[in-house]
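Asks: One structure is given below, represented as structure tokens, and several questions about it will come after.
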Amino acid sequence: MEKQSLPAKNGPEEPVIIIRDLYKSFGDLHVLKGVDLTVFKGENVAVLGKSGSGKSVLIRILVGLLKPDKGEVTVLGHQVNNLPENELNALRLRVGFSFQSSALYDSMSIRQNLEFPLKMNIKNISKQEIDKSVKEVLEAVGLEDKIDQMPADLSGGQRKRIGIARTLILKPEIMLYDEPTSGLDPITSSEINKLINLVQEQYNTSSIIITHDLTCARDTGDRIAMFEDGRFNKTGKFEEVFNDTDEQANSFYNYNFIQ
Amino acid sequence: MQEPVFNARNNKYVLSEGLDEFFSGVSKAYRFVGQYFRQAFKPPFHFSEVVNQCFEIGLRSLTLITLTGFIIGIVFTKQSRPALEDFGATSWLPSLIGIAIVKALGPLVTALICAGKVGSGIGAELGSMKVTEQIDAMEVSAINPFKYLVVTRVTATMIAIPILSFYCILVGLMGSFVNVSTQESTSFLTFFQNSFSTIHFLDLFTSVVKSIVYGFTIGIVGSYKGYYATSGTRGVGKAANQAVVMAMFLIFIEEVIIVQISNWIRFF
Ligand SMILES: Nc1ncnc2c1ncn2[C@@H]1O[C@H](COP(=O)(O)OP(=O)(O)O)[C@@H](O)[C@H]1O
Ligand SMILES: [Mg+2]
């Protein structure tokens with residue numbers, strides 16, 4: 001099941017996200033303590049860490065939902081920390097964010113959910129263009145038949161898919177997935193994992209996939225980054241991270257697979 | 001052995017922490033209000049969403065306002081009649097009712113009902129959007145959630161609540177007329193004219209201003225409580241509940257202040 005390595009790239013790798021020495025605390029709670037990470041164009045980085053360790057805080061900082069205390073974050077060549085609002089918004093359109101809770105607008109139908117980011121961001125967009133985009137992303141996530149339902153009528157896995165579709169509609173270059181498989185059964189989880197890989201191929205995205213689900217990390221990540229105690233203590237291919245004597249990595253592994 | 005000492009410093013600390021919290025709350029609310037005025041007049045304007053919200057407000061509160069307005073009209077008239085009869089002044093009844101309903105009861109009752117139905121609705125709706133990350137989802141898709149959610153709702157309450165107040169006044173007068181017509185045979189038109197005979201432009205104007213202020217209060221308090229709801233379903237309930245309590249409290253204070261101001265204006 002392990003993810004096939006990507007075809008060899010030609011030329012030097014181009015970084016799309018660079019995080020340098022990032023710190024963030026809430027009062028006395030030090031959540032990020034010197035985080036360093038680089039994500040290259042076209043790759044999926046799976047971030048593994050315990051819940052409550054600060055993974056969501058990290059990707060929230062990437063899109064400017066939270067401000068870091070210290071450190072540098074560069075996304076697609078822009079320093080996120082000190083962008084003026086209009087430039088930050090322009091950057092946000094190029095980054096898709098899939099929320100842990102899916103965050104579908106529950107007063108809107110699926111169609112309206114998908115149309116909303118388009119209508120609000122692209123002036124004078126025609127009805128045909130909107131319909132075409134909606135159809136396209138629904139096909140990509142395989143839920144064409146749900147178009148006129150309300151979010152409350154969908155299952156957890158379907159909501160996740162629609163949440164992903166809603167970010168795809170703006171054709172992002174980077175995808176950030178916050179716990180895409182949490183709360184889902186193993187079969188649905190593996191479908192979401194496939195979808196994440198499909199998005200990477202079809203939409204040429206680079207992604208950070210935050211998870212505490214080892215299967216998800218193995219199946220979607222070209223590279224694994226272990227997040228522990230406020231920083232990344234280990235990155236590399238799945239086999240590299242888990243095929244050694246590192247206690248923390250192994251306890252994570254045992255918990256997930258041997259239990 | 002260590003003596004137990006009264007720890008004055010500790011006590012002071014608790015007090016100052018409470019004060020700190022209070023003032024930081026006040027400044028947060030102040031900034032929230034300021035943000036409304038800064039963003040309300042800047043494009044893009046979400047007109048259709050404002051209209052939607054106006055209908056939503058009407059839909060939520062119309063039944064209750066109709067019922068309450070009508071009953072207040074009947075009961076108030078029924079209760080006032082004997083008192084006026086004692087002085088042989090029943091002919092004053094319509095103008096008394098006019099003054100009471102137009103100047104005080106209509107706007108106030110409407111505002112209180114809307115604080116309960118609309119304010120809590122906004123608090124709960126925005127609160128649940130907040131805790132389920134829908135507000136964040138707007139923000140990361142480059143949509144200004146304050147503008148789309150808060151500005152539209154507050155503007156809608158400022159438009160809808162004055163309209164509902166006038167509706168309440170009308171229904172109240174109709175209720176009153178129902179009671180009057182059991183005793184005397186006047187037409188509704190005559191009754192209506194009589195009840196407005198002592199109402200001046202300033203009175204109407206004050207009622208409109210009052211309703212706009214109440215509308216603003218209900219919208220902004222509901223939005224504020226929802227927008228800063230803490231996570232969890234309990235946070236949503238708390239936001240809805242606090243929105244009602246806070247809005248009603250402010251409405252009573254505003255009522256007193258506005259009546260006072262309009263009296264000064266009349267005096268000059
Ligand atoms: N806005 C916030 N204010 C205060 N504390 C926060 C905030 N966001 C997150 N935290 C705290 O930071 C820690 C990490 O949270 P989070 O990033 O959500 O963890 P996870 O790794 O499970 O995604 C938690 O203890 C959480 O309570
Ligand atoms: Mg999280």
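Asks: Restricting to Cα pairs below 8 Å that are 6+ residues apart, what does the relative contact order work out to for the stretch A:102-171? Please round to a whole percent.
Replies: 51 percent
Asks: Right, next: For chain A, what does the accessible surface come to per residue with a 1.4 Å probe? Please give it in Å².
Replies: Ligands and nucleic acids excluded, the result is 47 Å² per residue.
Asks: Here's something else I'd like to know. Just need log10 I(q)/I(0) for chain B at q = 0.10, 0.14 Å⁻¹, Debye formula, equal scatterers on the alpha-carbon atoms, no solvent, rounded to two decimals.
Replies: Debye intensities relative to I(0), on a log10 scale: -0.62, -0.98.
Asks: Right, something else. Expressed as a rounded percentage, what relative contact order does chain B have, with Cα pairs under 8 Å and six or more residues apart?
Replies: Normalised by residue count, the contact order of chain B is 30 percent.
Asks: Report, for chain A, the % of DSSP beta bridges that are antiparallel, rounded to 5.
Replies: DSSP beta bridges in chain A are roughly 55 percent antiparallel.
Asks: Roughly to the nearest percent, how much of the accessible area of chain B is carbon and sulfur, given a 1.4 Å probe?
Replies: Accessible surface attributable to carbon and sulfur in chain B totals 68 percent.
Asks: Further question: In the stretch A:102-171, what percent of the accessible surface is made up of carbon and sulfur (1.4 Å probe, ligands and nucleic acids excluded)? Kindly include the intermediate steps, with their values, before the conclusion.
Replies: Working: 1520 of 3280 Å².
It is 47 percent, rounded to a whole number.
Asks: Still on this structure: In the neighborhood of residue B:93, defined by Cβ-to-Cβ distances under 13 Å, what is the net charge if each Lys or Arg adds +1 and each Asp or Glu adds -1? Show your work: numbers first, answer last.
Replies: Numbers: positive: B:78, B:81; negative: B:85, B:86, B:184.
Taking every other residue near residue B:93 into account, the sum is -1.
Asks: Please report how many Lys pairs in the stretch A:85-222 have alpha carbons closer than 20 angstrom, counting only residues at least 8 apart along the chain or sitting on separate chains.
Replies: Going through the stretch A:85-222 pair by pair, I get 21.
Asks: Residue B:267 to residue B:184: extension gain in nm, 0.36 nm per residue of separation minus the Cα-Cα distance?
Replies: Between residue B:267 and residue B:184, full extension yields 26.2 nm more.
Asks: Suppose all protein chains stay in the model; what accessible area per residue would a 1.4 Å probe give for the stretch B:46-267, in Å²?
Replies: Numbers: 10060 Å² over 222 residues.
Dividing the accessible area of the stretch B:46-267 by its residue count gives 45 Å².
Asks: State, to one decimal in nm, how far the label point of residue B:22 lies from the label point of residue A:83, with both points 7 Å from Cα in the Cβ direction.
Replies: For residue B:22 paired with residue A:83, the spin-label model returns 4.2 nm.
Asks: Next question, about the same structure. From Cα pairs below 8 angstrom and at least 6 apart in sequence, can you work out the relative contact order of the stretch A:8-107, rounded to a whole percent? Provide the component values of the computation, followed by the final result.
Replies: Working: 118 pairs, mean separation 27.6, N = 100.
Dividing the mean separation by the residue count of the stretch A:8-107 yields 28 percent.
Asks: Now for a separate question. Give me the distance between the Cα centres of the stretch A:23-99 and the stretch B:168-244, rounded to whole Å.
Replies: So the separation of the two Cα centres works out to 47 Å.
Asks: State, to one decimal in nm², a quarter of the convex hull surface area for the C-alpha atoms of the protein assembly as shown, i.e. the direction-averaged projected area.
Replies: Value for the protein assembly as shown: 37.8 nm².
Asks: Considering only DSSP beta bridges whose two residues both sit in the protein assembly as shown, what percent are antiparallel, to the nearest 5?
Replies: 55 percent
Asks: Under 13 Å from the Cβ of residue B:103, count the other residues' Cβ atoms, weight Lys and Arg +1, Asp and Glu -1, and hand me the total.
Replies: 0
Asks: Related question: Using a 1.4 Å probe on the heavy atoms of the protein chains only, list every residue of the stretch B:134-168 that has 20 Å² or more less accessible area in the complete assembly than in its chain alone.
Replies: Listed by number, the residues meeting the 20 Å² cut-off are B:134, B:136, B:137, B:138, B:139, B:140, B:141, B:142, B:143, B:148.
Asks: Show me, bin by bin at 10 Å from 0, the whole-percent P(r) of the stretch A:102-171 based on Cα pairs.
Replies: It works out to 23, 59, 17, 1, in whole percents.
Asks: Another question, then. Mind grabbing the interface size between B and A? I mean buried accessible area, both sides, 1.4 Å probe, in Å² to the nearest hundred.
Replies: 1600 Å²
Asks: Got a number for carbon plus sulfur as a percent of the stretch A:27-83's accessible area, 1.4 Å probe?
Replies: Heavy-atom surface of the stretch A:27-83 belonging to carbon and sulfur, 1.4 Å probe: 50 percent.
Asks: May I pose another question? Please turn the phi angles of the stretch B:156-161 into ³J(HN,Hα) values with the Karplus equation 6.51 cos²θ - 1.76 cosθ + 1.60 (θ = phi - 60°), one per residue in order, whole Hz, x for glycine and proline.
Replies: 5, 5, 5, 8, 6, 5
The values are calculated or read from the model by the stated rules, or taken from the named source; none is laboratory data. Values in this document were obtained by computation on a predicted structure and should not be read as measured data. Please note: Cβ atoms are built from the backbone with ideal geometry, for glycine as well, and neighbour counts cover all protein chains shown. Ligands, DNA and RNA are excluded from the accessible area calculation, which covers all protein heavy atoms including side chains. Shrake-Rupley method; radii C 1.70, N 1.55, O 1.52, S 1.80 Å.
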